[in-house]
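The values are calculated or read from the model by the stated rules, or taken from the named source; none is laboratory data. What you see is a predicted model, and the numbers here were worked out from it, not measured in a lab. Quick note on the areas: whole protein, heavy atoms, side chains included, nothing else; ligands and nucleic acids left out. Shrake-Rupley method; radii C 1.70, N 1.55, O 1.52, S 1.80 Å.
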Amino acid sequence: MSTAMNFGAKSFKPRPPDKGAFPLDHFGECSAFKERFMQCLRDSGFQSGACRERAMAYLECRMDRQGAQLMANEPLEKLGFKDLIDEKSEAKPEK
């Protein structure tokens with residue numbers, strides 16, 4: 001018997017991620033941040049919204065390690081943390 005062919009279906013064309021690769025942290029430079037984030041996820045029943053501050057800290061760690069090229073510098077506002085940054089700036093007393 002012949003196999004069915006769907007000539008009307010569009011072919012899938014893979015494309016690279018918008019922000020490029022997310023290299024592995026081979027030397028564990030940010031593993032403490034990652035572990036705190038993962039523990040928060042486990043404690044919260046994998047509700048990521050409860051762990052956004054830890055996620056932001058992990059990404060900041062990756063961006064700070066420019067020598068290891070773990071992540072390109074990107075404004076945290078563009079990564080979805082604008083509300084957390086606004087909260088921090090409001091909490092700081094002005095001089």
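Classify region 30-89 from the C-alpha gyration tensor, please: rounded if a/c falls under 1.5, else prolate or oblate depending on whether a/b exceeds b/c.
oblate
Where only protein heavy atoms count, and the probe is 1.4 Å, what is the accessible area per residue for region 30-89 in Å²?
With all protein chains present, region 30-89 gives 63 Å² per residue.
Straight-line reach only, C-alpha to C-alpha below 18 angstrom: list the aspartates and glutamates that Lys78 could link to, leaving out same-chain residues fewer than 8 apart.
Leaving aside aspartates and glutamates fewer than 8 places away in the same chain, those within reach of Lys78 are Asp18, Glu53, Glu60, Asp64, Asp86, Glu87.
Could you tell me what percent of the accessible area of region 30-89 is made up of carbon and sulfur, with a 1.4 Å probe and every protein chain present? Write out the running numbers ahead of the final one.
Working: 1900 of 3760 Å².
Result for region 30-89: 50 percent of the exposed heavy-atom area is carbon or sulfur.
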